[in-house]
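The values are calculated or read from the model by the stated rules, or taken from the named source; none is laboratory data. Values in this document were obtained by computation on a predicted structure and should not be read as measured data. Because the Cβ atoms are built from the backbone with ideal geometry, glycine has one as well, and the counts that use them run over all protein chains shown. With ligands, DNA and RNA removed, areas are computed over all heavy atoms of the protein, side chains included. Shrake-Rupley method; radii C 1.70, N 1.55, O 1.52, S 1.80 Å.
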Amino acid sequence: MSEVKIAAELRSEFGKGAARRIRRDSKVPGVLYGHGIDPVHVTLPGHELLLALRTPNVLIALELEGKNELAIPKAVQRDPLKGFLEHVDLLLVKRGEKVSVDIPVHTEGDLAPGAFLVEHVLNALPVEAEATHIPESVSVSIEGLSAGDSVLAKDITLPKGTTLTVEDDTVVLQVLAAQAEEPAAEGAEGEGEEAAEA
C-alpha cells in the first residue's frame, strides 16, 4: 500500500465556529490519537485529504510540526447533503504494528443462469493486518452460485499477513432467488381502498 503525504497543522481553536472557519478555508478539522498519547487536534488540507480517502484504509504520512507520523482514517464525517468532509479521526500507527480494519468485499464472476440476487451481508470484511500492508480490498468469486448458496468468511482468500477478526463461519454474502413483483394486484387493492373511502 502506498503512503499519501499530507502536511497537517496543529489546531488551537475549537467549537463549531472554529470548525466552520477551517472549512471555509478549504481545510478539514481532525483529531489524531493512539499509542497512549493525548488526542492532538489538527487541520488538514481538504482537497488532498479528499483524494487520499478515495482509497479505503489509506496510510497517511502526516507532516506535523517537523515530525512525520503514520496514521489511518478511523472515522470520517461528511455533510449528508453536499458530501464535503466535515471532520476526520486519524489513528496513529507504526510500521510493523497490526491494526484492525474493515476491507471492502468485491464480487467477480457470474451467478448461475436464472433470476438470482447477491445479498452482501458484510460489505466490508473485518481483518487484522500490518499497518503498512493493509489490503485495499478482497475479491470473492460468485461464479455459478445460485439461490441458497453463501460465501463464508473462511472461504475468502486473504493476502499474506492478513487474518480474520470475525468467526470463520460468518456469512459474507448469500444468493437469493429474485422475487417477482405483482404491481397489478397492488393497484387493484389501492383502487378498492379509495372506493371504500369515497
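A few notes on this one:
- Restricted to the stretch 43-54, and to residues there that are touching a residue at least 40 places away in the same chain (Cβ under 8 Å) and open to solvent by less than 40 Å² (accessible area, probe 1.4 Å), the residue that is nearest to P135 (Cα to Cα) is A52.
- V40 open to solvent by less than 70 Å² (accessible area, probe 1.4 Å), within 21 Å of L51 (Cβ to Cβ) and in contact (Cβ under 8 Å) with a residue 24 or more places away in the chain: no
- Identity of the residue in the stretch 13-29, assigned to a helix (DSSP H, G or I) and either in contact with a Cys (Cβ under 8 Å, 6 or more places away or on another chain) or of a type in the set (A, V, I, L, M, F, W, C) (or both), that ends up nearest to L51 (Cα to Cα): I22
- Here S26 meets the list (1) within 15 Å of L70 (Cα to Cα); (2) among the hydroxyl-bearing types (S, T, Y); (3) touching a Gly at 6+ places or on another chain (Cβ under 6 Å) almost entirely, failing just condition (1).
- First in the stretch 6-20 and within 23 Å of E65 (Cβ to Cβ) and charged (D, E, K, R), second anywhere and modelled with pLDDT of 75 or more and surrounded by 10 or more Cβ atoms within 10 Å (Cβ to Cβ), Cβ under 6 Å, 6 or more apart: E9/T43; R11/H41; R11/V42; R11/T43
- Residue check for E97: among the acidic types (D, E) and over 21 Å from G161 (Cβ atoms): no
- Contacts under 7 angstrom Cβ, first residue in the stretch 73-87 being at negative phi and without any contact (Cβ under 8 Å) to a residue 12 or more places away in the chain, partner charged (D, E, K, R) and open to solvent by 40 Å² or more (accessible area, probe 1.4 Å), 6 or more apart: Q77/E86; R78/E86; D79/E86
- Number of residues in the stretch 55-111 that are open to solvent by 70 Å² or more (accessible area, probe 1.4 Å) and farther than 14 Å from A8 by Cα equals 14.
- Residue match in the stretch 96-110 (condition: more than 30 Å from A177 (Cα to Cα) and among the hydrophobic types (A, V, I, L, M, F, W, C)): yes
- Residue in the stretch 166-177 that is of a type in the set (V, I, T), in a loop (DSSP other than H, G, I, E, B), at pLDDT below 90 and under 30 Å from K94 (Cα atoms) present: no
- Selection of the stretch 5-32 for residues being closer than 25 Å to E97 by Cβ, surrounded by fewer than 17 Cβ atoms within 10 Å (Cβ to Cβ) and of a type outside the set (D, E, K, R) yields A7, L10, V31.
Okay, residues lined up against (1) within 15 Å of the chain's Cα centre (by Cα); (2) over 21 Å from K27 (Cβ atoms); (3) among the aliphatic types (A, V, I, L, M):
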{"position": "I60", "(1), (2), (3)": "no, no, yes"}
{"position": "R78", "(1), (2), (3)": "yes, no, no"}
{"position": "G96", "(1), (2), (3)": "no, yes, no"}
{"position": "L111", "(1), (2), (3)": "no, yes, yes"}
{"position": "V121", "(1), (2), (3)": "yes, yes, yes"}
